[in-house]
1. Mind listing whichever residues of the range 215-236 are of a type in the set (A, V, I, L, M, F, W, C), surrounded by 17 or more Cβ atoms within 10 Å (Cβ to Cβ) and out of contact with any Pro (no Cβ under 8 Å at 6 or more places or on another chain)?
2. Could you tell me which numbered condition residue 109 fails, if it satisfies all but one of (1) within 9 Å of the ligand (Cβ to nearest atom); (2) farther than 27 Å from residue 72 by Cβ; (3) in contact with a Pro (Cβ under 7 Å, 6 or more places away or on another chain)?
3. Would you pick out the residues in the range 65-85 that are within 14 Å of the ligand (Cβ to nearest atom) and surrounded by 20 or more Cβ atoms within 10 Å (Cβ to Cβ)?
4. Just to be sure I understand the filter: pairs with C-beta atoms under 6 Å, separated by 6 or more residues or on different chains, first member in the range 101-116 and in the same structural domain as residue 37 (by TED's automatic domain parsing) and crowded, with 19+ Cβ neighbours inside 10 Å, second member among the polar types (S, T, N, Q) and outside any helix (DSSP H, G or I). Which pairs pass?
5. Go through 9, 35, 25 for me and flag whichever is more than 8 Å from the ligand (Cβ to nearest atom), within 19 Å of residue 73 (Cα to Cα) and either of a type in the set (Asp, Glu) or modelled with pLDDT of 95 or more (or both).
6. Would the range 177-196 turn up any residue that is more than 14 Å from the ligand (Cβ to nearest atom) and either loosely packed, with under 14 Cβ neighbours inside 10 Å or assigned by TED's automatic domain parsing to the domain that holds residue 22 (or both)?
7. Among (1) of a type outside the set (Ser, Thr, Tyr); (2) modelled with pLDDT of 95 or more; (3) over 30 Å from residue 172 (Cβ atoms), which single condition is residue 82 missing?
8. Would it be correct to say that residue 90 is within 24 Å of residue 174 (Cβ to Cβ), in a loop (DSSP other than H, G, I, E, B) and either within 15 Å of the ligand (Cβ to nearest atom) or modelled with pLDDT of 95 or more (or both)?
Amino acid sequence: MPTETRHALITGAALGIGAAVARRLADDGWVLLLLDRNGEALEALADECRSRGATATTLYAELGPGEQWIPPLKAALDTLGHLDLLVNNAGVADENDPDDVAAWQRVLAINLDAPFRLGAICLPYLPDGSRIVNIASVLARAGKIRNTAYCASKHGLMGYTKALALDLALRSITVNAILPGWVDTPMLQRELGAQAAAVGAPVAQVLRNARRQIPLKRFVQVEEVANLVHYLASPVAAGITAQGIVVDGGYTCGM
Ligand SMILES: NC(=O)c1ccc[n+]([C@@H]2O[C@H](COP(=O)([O-])OP(=O)(O)OC[C@H]3O[C@@H](n4cnc5c(N)ncnc54)[C@H](O)[C@@H]3O)[C@@H](O)[C@H]2O)c1
């Protein structure tokens, strides 16, 4: 990496995949700027990162259509000085009807517009050789019923990743996406819980059925996604850019 002390910004850091990425980098002594809209969980996670040896600053902010999160982010970046890694992880997986304009705008604002805005804001702070990792989804390559907004946002994030990688290649800044399948997080529990409620089935049965469809017969663990982010941020991954790397237990084999 370009500098001695490595600095990372992780969005959606309080829970799930973002929290696992924060823990993984904390174990390596990174300086962390952790952004989330869930203030209580964010503070708890930051305390845990500090106990693991990291320096952690929290930024309580709601990414989305407004711009109120931008000035505090710029102030935090000014304090940090530089950034070696931006992880665009915050995202929502709301279902929508094909004519639901409000849901479309909400999901696109968080899942696609915000990563673009974050990339633009962070660019002056990213030295040559730094990294951007966007957490997309296997739904960056496939469709899903009642998910036009989510699928479009993740397809868009993949396109953004490839194009930005070309824009930044001459500065040796790599830009990659991770495409997880089902990862065991609060998001998964919410989604499969809602499916169970919709069909009147026990949640445990819906979870079991979902696991059966995955060749490895288990959900991906958050640490497995975090390890991939850690790898992409490491010096040995300097030659990987403009890629979408799938971690899904074999779920999309053949897609
Ligand atoms: N869990 C999965 O199965 C799965 C699969 C594929 C892709 N992903 C993607 O991985 C990323 C993380 O998912 P997860 O499962 O950890 O989700 P999660 O819901 O468990 O956690 C998401 C975190 O992001 C925060 N967040 C959400 N919207 C925000 C906003 N507008 N502003 C600030 N913070 C916000 C939440 O407060 C939460 O802490 C998302 O982009 C998601 O689309 C998840």
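1. Going residue by residue through the range 215-236, those that are of a type in the set (A, V, I, L, M, F, W, C) are 216, 219-220, 222, 225-226, 228-229, 232-233, 236.
Imposing the further condition that a residue be surrounded by 17 or more Cβ atoms within 10 Å (Cβ to Cβ) reduces the set to 219-220, 222, 225-226, 228-229, 232-233.
Residues satisfying the conditions are 219, 222, 226, 228, 229, 232, 233.
2. (2)
3. 69, 73
4. Matching pairs, first to second residue: 115/88; 115/134.
5. Details: 35 fails: more than 8 Å from the ligand (Cβ to nearest atom); 25 fails: within 19 Å of residue 73 (Cα to Cα).
Result: 9 is the single residue among 9, 35, 25 that is more than 8 Å from the ligand (Cβ to nearest atom), within 19 Å of residue 73 (Cα to Cα) and either of a type in the set (Asp, Glu) or modelled with pLDDT of 95 or more (or both).
6. In the first step, residues of the range 177-196 are kept if they are more than 14 Å from the ligand (Cβ to nearest atom); the result is 196.
Of the ones still in play, those that are also either loosely packed, with under 14 Cβ neighbours inside 10 Å or assigned by TED's automatic domain parsing to the domain that holds residue 22 (or both) are none.
Taking every residue of the range 177-196 in turn, none turns out to be more than 14 Å from the ligand (Cβ to nearest atom) and either loosely packed, with under 14 Cβ neighbours inside 10 Å or assigned by TED's automatic domain parsing to the domain that holds residue 22 (or both).
7. Looking at each condition in turn, residue 82 falls short on (3).
8. On the way: within 24 Å of residue 174 (Cβ to Cβ): yes; in a loop (DSSP other than H, G, I, E, B): yes; either within 15 Å of the ligand (Cβ to nearest atom) or modelled with pLDDT of 95 or more (or both): yes.
In short, yes.
The values are calculated or read from the model by the stated rules, or taken from the named source; none is laboratory data. This one's a predicted model, so the numbers in the text were calculated from it and none came from an experiment. In this analysis, Cβ positions are derived from the backbone assuming ideal geometry, glycine residues included, and neighbour counts consider all displayed protein chains.
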